[in-house]
1. Given Cα pairs under 8 Å that are at least 6 residues apart, what percent is the relative contact order of region A:437-542?
2. Cut-off is 10 Å between beta-carbons; in what order do B:23, A:42 appear when sorted fewest neighbours first?
3. First measure r as the distance between the Cβ atoms of residue B:44 and residue A:170, then evaluate 1/(1 + (r/R0)^6) with R0 = 60 Å and state the FRET efficiency to the nearest 0.05.
4. What list do you get for A:492, A:397 if you sort them by fewest beta carbons within 10 Å?
5. Normalising by the residue count of chain B, find the relative contact order in percent from Cα pairs under 8 Å and 6+ residues apart.
6. Averaging sequence separations of C-alpha pairs under 8 Å and six or more residues apart, then dividing by the length of chain A, give the relative contact order as a whole percent.
7. What angle do you read, to the nearest 10 degrees and between 0 and 90, between the alpha-carbon axis of helix A:78-90 and the longest principal axis of chain A?
8. Roughly how tilted is helix A:235-254, in degrees to the nearest 10 and between 0 and 90, from the longest Cα axis of chain A?
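What follows is calculated from the coordinates using simple rules that are stated; it is not laboratory data. This is a predicted model, so every value here is computed, not measured. For neighbour counting, all protein chains shown are included, and Cβ atoms are generated from backbone atoms with ideal geometry for every residue, glycine included.
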């Protein structure tokens with residue numbers, strides 16, 4: 001599927017296959033290969049549900065539990081998003097994955113000049129608790145979990161989620177939220193950063209510490225190798241960077257006197273599925289194994305469940321093409337198959353129209369149906385880890401493990417992940433890979449159907465999601481109304497307490513919950529941190 | 001050949017942080033012999049115009065993935081005229097639906113490069129138009 005390099009002879013026979021991670025694939029694998037890598041069932045795989053979890057986190061895989069489906073959803077105002085949430089749930093979606101608009105992600109209120117043209121465009125606009133009360137209305141928060149795809153102000157959103165749930169009468173101990181909350185990867189890939197590295201990582205430490213104490217069912221961080229892969233790194237680098245980023249957050253919390261054993265079970269990961277099928281399957285199996293092994297070695301974690309690499313394996317945005325967009329339906333099905341063969345615990349899929357814009361209702365439902373066909377129709381739930389024991393898959397899994405480890409060592413040599421992000425080392429490497437890859441596509445060295453092979457010359461027109469400027473007007477009006485009608489004295493008091501806590505390097509989470517309950521705005525809370533922490537300056541890489 | 005190198009400012013206006021495309025193009029233009037200044041993320045139109053003046057560039061390239069390309073380009077073109085530097089070549093790349101191309105052309109945007117456009121095409125347009 002166009003992501004490995006295929007060197008062919010004049011008769012179109014394939015002479016050499018080189019995966020993106022730099023591993024060569026042989027035409028035939030035999031028991032000799034397993035001997036060659038010293039394959040040992042117990043050490044390398046273990047039974048499903050047993051250390052090192054290469055095969056699966058659960059003994060019976062999808063037999064005992066279907067995967068959670070969590071399409072990335074949100075647009076316009078909280079009203080539109082609430083309707084779409086309920087629609088997806090009514091069609092069988094089992095988790096939520098909230099898309100916020102860019103002003104919200106960047107800590108700007110909808111009436112900020114920086115927000116112009118962006119309110120409700122790529123996700124839902126959220127200015128205050130009022131908006132969460134609308135977005136999550138009539139959703140059973142003790143039964144359905146919500147991923148909150150937000151990073152720089154993830155602490156604010158986790159606090160707001162708690163405040164909203166309590167307002168609806170739920171106990172904070174029964175709600176399950178997973179804020180993405182991975183700022184280092186934003187600095188490498190997705191760009192929605194606000195604060196400098198050190199306080200930004202500390203805020204993540206605050207959310208983890210707070211979750212340990214107060215939110216037992218919340219997963220405070222979802223480490224997203226996904227976006228680094230989207231930015232151009234190889235599958236092996238995706239895992240190595242994600243694990244190193246996770247270690248950076250663990251270190252922050254361990255330094256506060258907690259044992260890794262007591263909280264790493266709450267970490268989750270967000271990893272990408274586009275690319276070569278075999279390389280991805282091997283990547284996920286190797287990732288589960290390495291995470292468990294390294295947690296044991298580095299942090300002496302022993303509890304079985306604390307060693308689980310849990311997460312969402314899905315997306316595949318960079319694999320989707322603007323040309324011949326209906327091909328993306330087919331690609332999506334293969335990406336979902338990749339996730340299922342890899343034992344994904346949760347999944348989501350970029351919809352076929354997302355090379356253009358956020359998905360229409362029809363496209364989003366089609367992604368959901370793709371999962372349902374896989375799991376309910378063609379037998380992916382029948383048996384756990386069906387590829388286990390394959391001469392090829394086991395050899396490749398072991399080679400991926402070595403490759404991931406090698407990439408981790410490269411970063412540790414330059415001072416570790418925090419240093420490698422601060423200096424721009426990782427950003428430079430990722431941009432270089434993206435350029436080299438694009439060049440190979442343009443030269444036809446890697447194939448992309450409809451882009452550099454089997455082209456049709458004309459772009460097919462598809463129905464697209466349309467942005468409605470009325471949403472911004474409505475959102476701003478409601479924000480003004482909120483500021484007029486809330487108890488402004490209480491709001492100011494809560495913000496002052498937040499500022500004091502931030503300056504004294506106290507855990508800011510309880511103060512954020514208070515601020516949310518007083519209907520202070522995302523922009524007001526984010527600005528407190530801007531004043532205290534300052535803003536991140538990107539290292540120059542050109 | 002003592003010909004002056006074409007200077008390009010690559011800008012990421014707005015709040016969107018997806019800059020894989022901008023960085024890939026920066027590499028490609030540099031490899032084609034141009035001088036490239038990258039603004040970094042989260043820029044406003046005035047800050048891009050100011051940098052274009054300060055860096056004395058021939059070309060302003062915008063990378064926009066969020067869907068806000070029409071209002072952003074409109075604002076940029078107005079501001080260039082205000083500052084009397086409408087002679088600079090403006091090109092834009094990113095997630096740009098075909099239906100928006102005529103509107104961008106009508107504003108005076110000199111090159112429109114949706115994701116996946118070949119480097120050669122981008123380089124030729126820039127060399128052809130920046131030189132004239």
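1. 18 percent
2. Ordered from fewest to most neighbouring Cβ atoms within 10 Å, B:23, A:42 come out as A:42, B:23.
3. The formula returns an efficiency of 0.90 here.
4. Going from least to most buried by this count: A:492, A:397.
5. 25 percent
6. Relative CO of chain A lands at 20 percent.
7. Helix A:78-90 sits at roughly 40 degrees to that axis.
8. Once rounded, the angle reads 40 degrees.
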